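What follows is a short report on a single structure.
The values are calculated or read from the model by the stated rules, or taken from the named source; none is laboratory data. Values in this document were obtained by computation on a predicted structure and should not be read as measured data. No Cβ is skipped: glycine too gets one built from the backbone with ideal geometry, and neighbour counts run over all protein chains shown. Accessible surface is based on the protein model in full, side chains and every heavy atom, while ligands, DNA and RNA are left aside. Shrake-Rupley method; radii C 1.70, N 1.55, O 1.52, S 1.80 Å.
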Number of protein chains: 2
Amino acid sequence: MDAYGTTQCIVNGDTNLPDIPLETTVKIEGTVALRPKSMINTNMTTGEIEVVINDLQILNTASNLPFHLRDYQKPKEQLRLQHRYIDLRFPDMQNNLRQRSTMLHNMRRFLVEKHKFVEVETPTLFCRTPGGAREFVVPTHHAGLFYSLVQSPQQFKQMLMAGGIDRYFQVARCYRDESTRPDRQPEFTQLDIELSFTNLDGVLSLIEQLLYTTFIQDIPKPPFKRITYKYALENYGTDKPNLTYDLKFKTIKHLFCDKLNDSNFGAYVLPYPNELGKLTTKYKEKIRELIKKYKTKVVLYENISKELSVELFNKIQDTIGERNSCIVSLGDNENACLCLGEIRGFIATLLLSKNLLKINNAMVPLWVIDFPLFVKGENGLETCHHPFTAPHPEDIHLLQSDPLKVRSLAYDLVLNGNEVGGGSVRVHNAELQEKLLKMLNIDNTKLLHFLNALRSGCPPHAGIALGIDRLVSIACNAESIREVIAFPKSHEGKDPLSGAPNFINEDDKKYYHIVTVD
Amino acid sequence: MDAYGTTQCIVNGDTNLPDIPLETTVKIEGTVALRPKSMINTNMTTGEIEVVINDLQILNTASNLPFHLRDYQKPKEQLRLQHRYIDLRFPDMQNNLRQRSTMLHNMRRFLVEKHKFVEVETPTLFCRTPGGAREFVVPTHHAGLFYSLVQSPQQFKQMLMAGGIDRYFQVARCYRDESTRPDRQPEFTQLDIELSFTNLDGVLSLIEQLLYTTFIQDIPKPPFKRITYKYALENYGTDKPNLTYDLKFKTIKHLFCDKLNDSNFGAYVLPYPNELGKLTTKYKEKIRELIKKYKTKVVLYENISKELSVELFNKIQDTIGERNSCIVSLGDNENACLCLGEIRGFIATLLLSKNLLKINNAMVPLWVIDFPLFVKGENGLETCHHPFTAPHPEDIHLLQSDPLKVRSLAYDLVLNGNEVGGGSVRVHNAELQEKLLKMLNIDNTKLLHFLNALRSGCPPHAGIALGIDRLVSIACNAESIREVIAFPKSHEGKDPLSGAPNFINEDDKKYYHIVTVD
């Protein structure tokens, strides 16, 4: 038995077989024979035949396996990762890795053969990206000097655009030191794409065709649905809504006459079938936590009359229809949405488990566009996407006067509630880029090479990066990205196989001019 | 003008064009017209037409370019690398990067489509490889604990064999901290291949077909020539001989009657055409340095009678023929060969420059096999390839009694004097592997996961890694691997674009629990 199948081998009555432990690798010479009719197994592709063993040679004996390769007794993940070389023999792991290879190969064929893209490998040892995620540092033999491991090839791919590689892609290894976030890996893979002389529509339709052509499950025919960030927020309470089912907010702000002029105030209701009944204490507790987190007012269906008013209850009931209950969320518009968005998530799970909500499609990809260019951070403006994102041309006049109102030309690709890709039209004008960096309080001097690249006549360009680990895990119906990575790290970035990270010896520390401290 | 070609655009007499600096990106709308007959340029694919400009829009103005994009005034490499985003616009750089992409894509198609290989991405953040090259270390948030950046996916690919991914490959990023070696990069790319249930012939013929199918220049039809390490040493004085020309040693040990029984003694002569004449002082100085380095005796043609004897001179002349001069190298067999091998290198260059030696073929690939398993190191036995290489089955009985005589099942692929690949049949038996590690004084406890993988019934397997940077540079006739890498580091591992490596801030040091010292 291996990834290609299983064949029954039998021994002639008079042959003596040695005692062979399970999972031992053997070489068998024999004669393929039809099985007796009564023994034919129509569930197996090789069910009609068997091999009568003439000669059997043990190539490598398996000993002391830590677990059996039986799907019905799959061990805990920690043990599986610790002995990944055995775990990989499970049929689902074989399938996941092979499908991953197939998907990436087909993506490359699509890009190279059909669309004349050039795959360029860019360095991973680079300088720190100002204003990004935490990057691993790599000490060098030169005292005090460190490389940073790139969090993405962003600067390089834009410099390639300046360099005349007008259609670039790379299956790129990226690094982020986010050991505390669950289901993240310190190193991950993205399909990184950038092209010159294009626009938002150009990138979106390219990626739609790419996915439609290479995704290993059925996916709707392009164009994919596009919604704005504002629409996503005010209807689903998230910028990555899962639209495999219909469950949407309604605004009821018009019912709050005294707040109509308060542009920050938001009031939303999430309707759901009466049959769900009252929420259990567990979920009520969850909602209490969300209220604290978002500083909003959330009112359950049974409390609306009491906590708001009977009059309002009746108006809300009119809005949502007789057959529905609902949950109401009030407060700062964004927080009211985000809070109700999290509630939408677990209400959907409850409804699905009780067959009160139907799945429309197995795969629902969509684009979220019109993100804000900036968000308010602790120390002034922060970028919503990254500092190289172009402002929306319709809003560029607001850049000085009302920067938080400026939309960007960024886009996210969302698949079943997961952000599987993101990108933007980039700034190609050095003066505009400098202005944006200044607004973001990012030190220009760290990006002189990049600004000079724009100044060298860099063509207009746009791009995207797809998160391959997540995308493949969805395609393979895997529960976590670790199921589609051959040798993933476990929580806290530990390698269960080798025990890495490890202590290093004093010679290495001396060579790299470092001392470790607690 | 871009990578796809050049088109002449003209302005109608009465149109006013703005002043446009060179390298500016413009958008032109116009009418394609036939050129006047006298203006047709048959050297250009677009030489028969021109575009009459109706509308011209400046998309991005180029300013303050540090150099011109004229092949005849190509700037120094340092300046080119510092402004790589402009340098990449040179036609040869465009060609190199695009050819690299094409070659790798074709290699993938060959492996995936024709030979059912699976591309698997393996981690780069791992534990230290015992007994290998110096590896970069990456500090983590856990005080004192470091990852190492892998120098190759060796352990992972063998664990994949244990895991039933029986035909693995990866275009793998690898890291070595060898900043002092010229023409090396701290990160480089190898085509990493491993397969189960194969042998030396299986790997060699696979790679021959791979190269024959995907190499962008003509390459001889497989099978490629195979020579043993001993033959390479005693005929060319190197384990990576350049066989594009015929220039070979002859042994003259038989002329030294008193040394016949000294198995360590070697005597070789390198014949070359008389027309080369005497070596200049510069080359004589080089030879003096080599004599020091290898502690050998080297005798120039004109000195043989004097330094050895007239009788010996006559016998040597008989051996090499009337029309040849020669250089003699005597001493410890290996050193005599290596010393004469280096001399062969510059004698060949001299002969080629004077048309006294002819190039047989543009590309001459060959295999060097039968390497020794061990070499004598300062502290006992060291591995010649790496510790997972299988001993030659014919020599395995010598493992205890005479380990330095044991050949291995390692192989190197040599192309025009460059080692472009290397691999071996691996040890798949855990007991043998443990024994070899012990002989090499390598701590088993750092490889328990690996030994357990072998013990889990791992099939017999073999593999190879091809150095893509070098291979592509040869294919593109590039002078250095830096010419086929988009953003290479310069000497000492510095990034001329961004200035990396850089100082990091105190917060980062604190987060990673390190202090830097001089």
Long-range neighbours under 7 Å by Cβ, at least six apart or interchain, first residue of a type in the set (Phe, Trp, Tyr) within segment B:300-313, second in a helix (DSSP H, G or I): B:313/B:304; B:313/B:305
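A quick yes/no check of all residues on (1) touching a strand residue (DSSP E or B) at 6+ places or on another chain (Cβ under 9 Å); (2) assigned to a loop (DSSP other than H, G, I, E, B):
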residue	(1), (2)
A:446	yes, no
A:452	no, no
A:459	yes, yes
A:463	yes, no
A:470	yes, no
A:482	no, no
A:487	yes, yes
A:496	no, yes
A:500	yes, yes
Among the residues listed as A:212, A:168, A:175, the single one being open to solvent by 10 Å² or more (accessible area, probe 1.4 Å) and either modelled with pLDDT of 95 or more or at the interface with chain B (Cβ under 7 Å from one of its Cβ atoms) (or both): A:212
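On the given criteria, is residue A:348 touching a Gly at 6+ places or on another chain (Cβ under 7 Å) and aliphatic (A, V, I, L, M)? Break it down into steps so the answer makes sense when it comes.
Values: touching a Gly at 6+ places or on another chain (Cβ under 7 Å): no; aliphatic (A, V, I, L, M): yes.
Answer is no for this residue.
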Those residues of segment B:484-494 which are open to solvent by 10 Å² or more (accessible area, probe 1.4 Å), facing another protein chain (nearest Cβ under 8 Å) and at pLDDT below 95, in sequence order: B:492
Residues of segment B:1-55 satisfying the condition of being basic (Lys, Arg) and under 23 Å from residue A:461 (Cβ atoms): B:27
Hits in segment A:67-81 (condition: within 12 Å of another protein chain (Cβ to nearest Cβ) and outside any loop (DSSP other than H, G, I, E, B)): A:80, A:81
Neighbours by Cβ (under 6 Å, 6+ apart or cross-chain): first from segment A:108-120, more than 8 Å from chain B (Cβ to nearest Cβ); second part of a helix (DSSP H, G or I) and surrounded by fewer than 22 Cβ atoms within 10 Å (Cβ to Cβ): A:110/A:213; A:110/A:214
Single condition residue B:58 does not satisfy, out of (1) over 30 Å from residue A:429 (Cβ atoms); (2) assigned to a strand (DSSP E or B); (3) open to solvent by 50 Å² or more (accessible area, probe 1.4 Å): (1)
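Determine whether residue B:371 is crowded, with 19+ Cβ neighbours inside 10 Å, among the aromatic types (Phe, Trp, Tyr) and within 20 Å of residue B:203 (Cβ to Cβ).
Numbers: crowded, with 19+ Cβ neighbours inside 10 Å: yes; among the aromatic types (Phe, Trp, Tyr): yes; within 20 Å of residue B:203 (Cβ to Cβ): yes.
Judged against the criteria, residue B:371 is a match.
Being of a type in the set (Ser, Thr, Tyr) and in contact with a His (Cβ under 9 Å, 6 or more places away or on another chain) narrows it down to one of B:281, B:213, B:244, B:198, so name that one.
When all the criteria are applied, what remains is B:198.
Is it the case that residue B:286 is assigned by TED's automatic domain parsing to the domain that holds residue B:343, touching a helix residue (DSSP H, G or I) at 6+ places or on another chain (Cβ under 9 Å), closer than 25 Å to residue B:411 by Cα and in contact (Cβ under 8 Å) with a residue 60 or more places away in the chain? Steps first, please.
On the way: assigned by TED's automatic domain parsing to the domain that holds residue B:343: yes; touching a helix residue (DSSP H, G or I) at 6+ places or on another chain (Cβ under 9 Å): yes; closer than 25 Å to residue B:411 by Cα: no; in contact (Cβ under 8 Å) with a residue 60 or more places away in the chain: yes.
For residue B:286, the condition - assigned by TED's automatic domain parsing to the domain that holds residue B:343, touching a helix residue (DSSP H, G or I) at 6+ places or on another chain (Cβ under 9 Å), closer than 25 Å to residue B:411 by Cα and in contact (Cβ under 8 Å) with a residue 60 or more places away in the chain - is not met.
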Odd one out for residue A:19, checked against (1) open to solvent by 70 Å² or more (accessible area, probe 1.4 Å); (2) in contact (Cβ under 8 Å) with a residue 24 or more places away in the chain; (3) within 26 Å of residue B:453 (Cα to Cα): (2)
Within segment A:502-511, tally of residues that are part of a helix (DSSP H, G or I) and either of a type in the set (Ser, Thr, Tyr) or more than 8 Å from chain B (Cβ to nearest Cβ) (or both): 5
Among (1) more than 10 Å from every other protein chain (Cβ to nearest Cβ); (2) surrounded by fewer than 16 Cβ atoms within 10 Å (Cβ to Cβ) - the single one residue B:50 does not satisfy: (2)
Count of residues meeting criterion [within 17 Å of residue A:84 (Cα to Cα) and of a type in the set (A, V, I, L, M, F, W, C)] in segment A:462-518: 8
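Quick check on my filter: what residues within segment B:106-137 are more than 24 Å from residue B:159 (Cβ to Cβ) and either crowded, with 21+ Cβ neighbours inside 10 Å or in contact with a Ser or Thr (Cβ under 6 Å, 6 or more places away or on another chain) (or both)?
In the first step, residues of segment B:106-137 are kept if they are more than 24 Å from residue B:159 (Cβ to Cβ); the result is B:106, B:109-110, B:113-114.
Listed by number, the residues that qualify are B:106, B:110.
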Those residues of segment B:150-195 which are out of contact with any Pro (no Cβ under 8 Å at 6 or more places or on another chain), within 23 Å of residue A:147 (Cβ to Cβ), part of a loop (DSSP other than H, G, I, E, B) and of a type outside the set (Ser, Thr, Tyr), in sequence order: B:151, B:153, B:181, B:182, B:183, B:184, B:186
Residue in segment A:301-322 that is assigned by TED's automatic domain parsing to the domain that holds residue A:264, under 18 Å from residue A:274 (Cβ atoms) and in contact with a Phe, Trp or Tyr (Cβ under 8 Å, 6 or more places away or on another chain) present: yes
Answer residue from segment B:1-40, given it is polar (S, T, N, Q) and within 21 Å of residue B:94 (Cβ to Cβ) and is farthest from the other protein chains (Cβ to nearest Cβ) among those: B:8
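For every residue, the table says whether it meets (1) outside any helix (DSSP H, G or I); (2) over 35 Å from the mean Cα position of the chain (by Cα); (3) within 30 Å of residue A:495 (Cα to Cα); (4) aromatic (Phe, Trp, Tyr).
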position: A:52; (1), (2), (3), (4): yes, yes, no, no
position: A:65; (1), (2), (3), (4): yes, no, yes, no
position: A:96; (1), (2), (3), (4): no, no, yes, no
position: A:108; (1), (2), (3), (4): no, no, yes, no
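Test residue A:498 against the stated conditions and say whether it is at negative phi, more than 9 Å from every other protein chain (Cβ to nearest Cβ), open to solvent by 20 Å² or more (accessible area, probe 1.4 Å) and modelled with pLDDT under 95.
Details: at negative phi: yes; more than 9 Å from every other protein chain (Cβ to nearest Cβ): no; open to solvent by 20 Å² or more (accessible area, probe 1.4 Å): yes; modelled with pLDDT under 95: yes.
Answer is no for this residue.
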Hits in segment B:82-94 - residues which are within 22 Å of residue B:475 (Cα to Cα), open to solvent by 10 Å² or more (accessible area, probe 1.4 Å) and either part of a helix (DSSP H, G or I) or more than 10 Å from every other protein chain (Cβ to nearest Cβ) (or both): B:91, B:92, B:94
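Could you please let me know if residue A:468 is open to solvent by 20 Å² or more (accessible area, probe 1.4 Å), under 27 Å from residue A:117 (Cα atoms) and either in contact (Cβ under 8 Å) with a residue 12 or more places away in the chain or assigned by TED's automatic domain parsing to the domain that holds residue A:212 (or both)? Lay out the reasoning, then the answer.
On the way: open to solvent by 20 Å² or more (accessible area, probe 1.4 Å): no; under 27 Å from residue A:117 (Cα atoms): yes; either in contact (Cβ under 8 Å) with a residue 12 or more places away in the chain or assigned by TED's automatic domain parsing to the domain that holds residue A:212 (or both): yes.
No; evaluated as a whole, the condition is false for this residue.
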Checking residue A:157 against (1) open to solvent by 10 Å² or more (accessible area, probe 1.4 Å); (2) more than 9 Å from chain B (Cβ to nearest Cβ); (3) over 20 Å from residue B:121 (Cα atoms); (4) over 18 Å from the mean Cα position of the chain (by Cα), the condition it does not meet: (1)
Conditions (1) assigned to a loop (DSSP other than H, G, I, E, B); (2) open to solvent by 10 Å² or more (accessible area, probe 1.4 Å); (3) facing chain A (nearest Cβ under 7 Å); (4) in contact (Cβ under 8 Å) with a residue 24 or more places away in the chain; number of the one not met by residue B:217: (3)
